[in-house]
Amino acid sequence: MKTKKRKGEHVKICAKKDVSYAKNWFDEIHFVHDALTDLNYDDIDCSAIFINHHIKHPFMITGMTGGYKEAERINKSIAEICEKYEIAFGLGSQRAMLEDKNLKNTYYVRDVAKNIPIVGNIGAAQLFEYDSEKINDMMKDVEADYLAIHLNTLQELVQPEGDRNFLGLRKTIESLCKEIEFPVIIKETGAGISMNAIKRMRKWKSYVKGFDVSGSGGTSWSKVEELRGGNSGPFNEWGNPTPICIAEVASTGAFTIASGGIRNGLDAAKAFALGADICGMARPFIVAYYKKHLEQEMKNFIEYLKRAMMLTNSQNIHELLQADIIIHGDLADRMFARGIDVRMYANKG
Ligand SMILES: Cc1cc2nc3c(=O)[nH]c(=O)nc-3n(C[C@H](O)[C@H](O)[C@H](O)COP(=O)(O)O)c2cc1C
């Protein structure tokens, strides 16, 4: 009951209030324009590989909701658009359906999304409570292809009713990964995955097939929880900037989903130039759902990504990775501090 109520409140707050980080780090990245275009816009190929699937556009709507009536409509509406444009779709935390099996329908979208990758979702902290058999059943109930395990310590700490004991989490995730029948994606929820965390997850390589960095710059869960009555203190801007997470995770060769503050197709193009394999978006699509312009939002994402590809003379996503970008301001300083040479991104040739 508590889980259902919380999910509804999260969606409403994210749809109606400004809960973004003060700074979106993609504003400190600019492409080097290529004047000598030798492409036909209509031939630009945005297709991508999503782990074991081929998709027409290199996007994913990352997990947001499920567990109550309105969530069923939201999931179905967004999944339908994802199917139409052939992009991956993520379910919100399935905790509510583990607590009450009757809520399965609020997550089930396979009837409207027959071909695209569907990503199930559970919080890492819930793995203390539910064993691999329960998680396998949960995945089969919604016919999902991948399981995203989300890490959300910041959110739990600022949430009035949040979990505070994560002792033993690493071991618990590892045993689940070994027993689960589905490829696993580890995701954050807005505070970002760093190289430090990746290093400690490296030995799970044979089970964990990708990382969704979900860095800072987009939805601030500290701000969301503050609006629900939590005590966020000075943590509203806490987190690793998404572009740095992308650079760090991609440099390990891991499958990298870039998310956290991707507001449009141009931000997505910058993420690809940093090494992302797929770009993920959450809040822009919940806002679009309530404004009733979901399909237009998706079309804009594709259009702006293709414009950026045309302006950098990139025929496909692989060529976009070769496009030069200039990183400046605080972002450049922070990258330098992390030992990343920003000049490398501006002079790839
Ligand atoms: C309304 C809403 C609900 C969310 N619920 C979940 C969730 O249940 N599980 C999860 O892994 N992430 C959840 N997230 C986090 C997103 O998947 C994403 O990682 C984060 O919001 C950053 O992306 P954005 O800046 O595009 O919103 C939620 C995000 C939003 C906006």
Quiz item: Karplus couplings for the range 136-147 from phi (6.51 cos²θ - 1.76 cosθ + 1.60, θ = phi - 60°), rounded to Hz, Gly and Pro as x?
Solution: 4, 4, 4, 5, 5, 4, 10, 6, 7, 9, 9, 10
Quiz item: Given a Förster radius of 22 Å and the C-beta distance between SER206 and ASN52 as r, what FRET efficiency does 1/(1 + (r/R0)^6) yield to the nearest 0.05?
Solution: 0.90
Quiz prompt | Carbon and sulfur %, accessible surface of the range 224-276 computed with the full protein complex present, 1.4 Å | solution = 53
Quiz item: Near the amide H of ASN121, under 5 Å away, which other amide H atoms are found, from residues 5 or more places off or on another chain, if H is placed in the peptide plane?
Solution: GLN94, ALA148
Exercise. Taking the Cα atoms of the chain, report the difference between the largest and smallest coordinate on each principal axis, in whole Å and largest first.
Key: 58, 42, 40
Quiz item: Which one of PHE336, PHE50, PHE31 has the biggest mean-square fluctuation once the chain is modelled by GNM with Cα springs under 10 Å?
Solution: PHE336
Quiz item: Comparing ILE326, ILE302, ILE78, which has the greatest mean-square fluctuation in the GNM of the chain with Cα pairs linked when under 10 Å apart?
Solution: ILE326
Exercise. State, to one decimal in nm, how far the label point of LYS114 lies from the label point of LYS2, with both points 7 Å from Cα in the Cβ direction.
Key: 4.2
Self-check item: FRET efficiency, 1/(1 + (r/R0)^6) with R0 41 Å, evaluated for LYS291 and LEU36 via beta carbons
Solution: 0.55
Quiz prompt | Loop sites in the range 126-212: trypsin sites (Lys or Arg not before Pro), DSSP, at most 10 other Cβ within 10 Å | solution = ARG164
Quiz item: Taking the Cα atoms only, what angle lies between the long axis of helix 69-85 and the longest principal axis of the chain, rounded to 10 degrees?
Solution: 30
Quiz item: Tell me, what is the per residue accessible area of the chain in Å², probe radius 1.4 Å?
Solution: 44
Exercise. Counting only C-alpha contacts under 8 Å and six or more residues apart, can you give the relative contact order of the range 245-349 as a whole percent?
Key: 24
Practice problem: Compute the FRET efficiency between GLN315 and MET344 as 1/(1 + (r/R0)^6), taking r as their Cβ-Cβ distance and R0 = 30 Å, and round to the nearest 0.05. | Solution: 0.85
Exercise. Rounded to the nearest 500, what is the 222 nm mean residue ellipticity of the chain from helices alone, with -39500 (n - 2.57) per DSSP H run of 4+ residues and division by all residues?
Key: -11500 deg cm²/dmol
Quiz item: Going by a ≥ b ≥ c, the root eigenvalues of the Cα gyration tensor, does the range 128-209 fall in the rounded group (a/c under 1.5), the prolate group (a/b larger than b/c) or the oblate group?
Solution: oblate
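The values are calculated or read from the model by the stated rules, or taken from the named source; none is laboratory data. From a predicted model like this one, the values you see are computed outputs, not experimental measurements. Glycine also receives a Cβ, built like all others from the backbone with ideal geometry; neighbour counts cover every protein chain displayed. For accessibility, only protein heavy atoms count, side chains too; no ligands or nucleic acids. Shrake-Rupley method; radii C 1.70, N 1.55, O 1.52, S 1.80 Å.
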